[in-house]
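K.L.:
Please find one structure pasted underneath; my questions will follow.
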Amino acid sequence: MEHHHSHHNHTAPSLNGVFIFSIALNLIFVGIETVVGLMENSMSLLSDAGHNLSDVFSLVLVLTAFWLARVHPTKRYTYGLKKSTVLISLLNAIILLVAVGVIMIESLHKFYEPADVNGMAVSWTAFAGIIINGLTVLLLMRGRKNDINVRGAFLHMLTDTLVSAGVVVSGIVITFTGWNIVDPIVSLAIAMVILVSTWRLLAESLKLSLDGTPENIDADKITEQMAGCTHVTNVHHVHVWAISTTKNALTAHVMIDDISAMENVKREIKQKLAEAGINHSTLEIETERCQCADRAIRYGDDGHRHAHEE
């Protein structure tokens, strides 16, 4: 058996400061947005504040995930607590769905009992949101490709930026037309935008929590690349799953035609796996089947031969 580990994940430490700064900045804005929304009877502003608050909680959860991912393995948890990052990503998606439901219920209520809205106050407050959320988006942009949790936070803040832009527009429309009905309409539009951006995050998080193949990994292509290595005649029993939101694992049986080339084969395969984003691989090397019996000779990491009935 061959175990291969890679420990080159610098995403969490480098982004800790970014997340702490973003949390503080957004908490201040949530407070301002809530006060103005209550004073001016703006459902779109309050719904945006509620969504921003859920995003702050999400950012806190991602920070927690970074910490849990660095917990060292133990006898009870041999992979450490890395899998918790996937569960936190799933929890974040669920929180967003709940936020969407609340926004939709309150918006529908406003259709039946519309309230007067100060359009300019709403617009100026939302404009501040564009600046704050936009800054957070820029800060998170660098790490979004390497971690589903960071990507989720990036999508949340990008959505907030677009939502704030929508609230600005609704405030301007209300100011010049007096159509207060625009406020709940914008709130429903906000809810739909959040729903669409959340759905993919929810689906991917759920798949990873069930040990499904990560979205950025093509299992068939990986198998073909392994089978194309020198001396490899067959690759089977391939399993790929996520250890965390940044680390992937693979196990596979590799049949070769020359046992003396075993180390070179393992080295070549591990290089291809690393290039494909798989950090931890366990390979079981097998020789060709003997013609005299339906048995395969396998070589473990102790270098000894082990015969197995197939």
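The values are calculated or read from the model by the stated rules, or taken from the named source; none is laboratory data. Everything quoted here is computed from the prediction, not taken from an experiment. We place every Cβ from the backbone using ideal geometry, glycine too, and count neighbours over all the protein chains shown.
K.L.:
Could you please let me know if ASP48 is part of a helix (DSSP H, G or I), more than 15 Å from the chain's Cα centre (by Cα) and modelled with pLDDT under 80? Please lay out each step first, then the result.
P.N.:
Working: part of a helix (DSSP H, G or I): yes; more than 15 Å from the chain's Cα centre (by Cα): yes; modelled with pLDDT under 80: yes.
So ASP48 passes the test.
K.L.:
I'm trying to understand the selection: among the residues of the range 9-45, which are in contact with a helix residue (DSSP H, G or I) (Cβ under 6 Å, 6 or more places away or on another chain), part of a helix (DSSP H, G or I) and modelled with pLDDT under 80?
P.N.:
Step one: of the range 9-45, the residues in contact with a helix residue (DSSP H, G or I) (Cβ under 6 Å, 6 or more places away or on another chain) are 11-12, 15, 18-19, 22-23, 25-27, 29-30, 33-34, 36-37, 40, 42-45.
From the residues that got through so far, the ones that are part of a helix (DSSP H, G or I) too are 11-12, 15, 18-19, 22-23, 25-27, 29-30, 33-34, 36-37, 43-45.
Hits for the range 9-45 are THR11, ALA12, LEU15, MET43, SER44, LEU45.
K.L.:
If you don't mind, there's one more thing I want to ask. Filter the range 228-246 down to residues that are buried (at least 16 other Cβ atoms within 10 Å of the Cβ) and either acidic (Asp, Glu) or without any contact (Cβ under 8 Å) to a residue 24 or more places away in the chain (or both), then give me how many there are. If you could, list the steps in order and put the result at the bottom.
P.N.:
Initially, the range 228-246 is screened for residues buried (at least 16 other Cβ atoms within 10 Å of the Cβ), giving 229, 231-232, 235, 238, 240-246.
Now restrict to residues that are either acidic (Asp, Glu) or without any contact (Cβ under 8 Å) to a residue 24 or more places away in the chain (or both): 235, 238.
The total comes to 2.
K.L.:
Now for a different question. Quick check on this structure: which one of THR125, THR34 is touching a residue at least 60 places away in the same chain (Cβ under 8 Å) and over 27 Å from the mean Cα position of the chain (by Cα)?
P.N.:
Working: THR34 fails: touching a residue at least 60 places away in the same chain (Cβ under 8 Å).
That would be THR125, the only listed residue that is touching a residue at least 60 places away in the same chain (Cβ under 8 Å) and over 27 Å from the mean Cα position of the chain (by Cα).
K.L.:
Looking at this structure, is VAL71 more than 12 Å from GLY129 (Cβ to Cβ), at pLDDT 80 or above and not in a helix (DSSP H, G or I)?
P.N.:
Working: more than 12 Å from GLY129 (Cβ to Cβ): yes; at pLDDT 80 or above: yes; not in a helix (DSSP H, G or I): yes.
Yes, satisfied.
K.L.:
Ok, one more. Are there any pairs, at least 6 apart or on different chains, whose C-beta atoms fall under 7 Å, with the first in the range 49-75 and in contact (Cβ under 8 Å) with a residue 40 or more places away in the chain and the second of a type in the set (Phe, Trp, Tyr), and if so, which?
P.N.:
Here the result reads ASN52/PHE29; LEU59/PHE19; VAL62/PHE19; LEU63/PHE19, each pair linking the range 49-75 to a residue that is of a type in the set (Phe, Trp, Tyr).
K.L.:
For THR64, all conditions in the list (1) within 16 Å of the chain's Cα centre (by Cα); (2) over 18 Å from LEU158 (Cα atoms); (3) buried (at least 16 other Cβ atoms within 10 Å of the Cβ); (4) not aromatic (Phe, Trp, Tyr) hold save one; what is the number of the exception?
P.N.:
(3)
K.L.:
On the given criteria, is VAL169 touching a residue at least 12 places away in the same chain (Cβ under 8 Å), part of a helix (DSSP H, G or I), in contact with an Asp or Glu (Cβ under 6 Å, 6 or more places away or on another chain) and of a type in the set (A, V, I, L, M, F, W, C)? Give the derivation first.
P.N.:
Values: touching a residue at least 12 places away in the same chain (Cβ under 8 Å): yes; part of a helix (DSSP H, G or I): yes; in contact with an Asp or Glu (Cβ under 6 Å, 6 or more places away or on another chain): no; of a type in the set (A, V, I, L, M, F, W, C): yes.
It is false that VAL169 is touching a residue at least 12 places away in the same chain (Cβ under 8 Å), part of a helix (DSSP H, G or I), in contact with an Asp or Glu (Cβ under 6 Å, 6 or more places away or on another chain) and of a type in the set (A, V, I, L, M, F, W, C).
K.L.:
Something else about it: Does the range 247-268 contain any residue that is in a loop (DSSP other than H, G, I, E, B), without any contact (Cβ under 8 Å) to a residue 40 or more places away in the chain, surrounded by fewer than 15 Cβ atoms within 10 Å (Cβ to Cβ) and over 21 Å from the mean Cα position of the chain (by Cα)?
P.N.:
So the first thing to find is which residues in the range 247-268 are in a loop (DSSP other than H, G, I, E, B), and the list is 247, 257-258.
Remaining after also requiring without any contact (Cβ under 8 Å) to a residue 40 or more places away in the chain: 257-258.
Cutting the leftovers down to surrounded by fewer than 15 Cβ atoms within 10 Å (Cβ to Cβ) gives us 257-258.
With over 21 Å from the mean Cα position of the chain (by Cα) added as a condition, the list becomes 257-258.
The answer is yes, given that some residue of the range 247-268 is in a loop (DSSP other than H, G, I, E, B), without any contact (Cβ under 8 Å) to a residue 40 or more places away in the chain, surrounded by fewer than 15 Cβ atoms within 10 Å (Cβ to Cβ) and over 21 Å from the mean Cα position of the chain (by Cα).
Results for (1) part of a helix (DSSP H, G or I); (2) in contact with a His (Cβ under 7 Å, 6 or more places away or on another chain); (3) β-branched (Val, Ile, Thr); (4) over 17 Å from VAL196 (Cβ atoms), shown as yes or no for each residue.
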{"residue": "ARG142", "(1), (2), (3), (4)": "yes, no, no, yes"}
{"residue": "MET157", "(1), (2), (3), (4)": "yes, no, no, no"}
{"residue": "THR175", "(1), (2), (3), (4)": "yes, no, yes, yes"}
{"residue": "TRP179", "(1), (2), (3), (4)": "no, no, no, yes"}
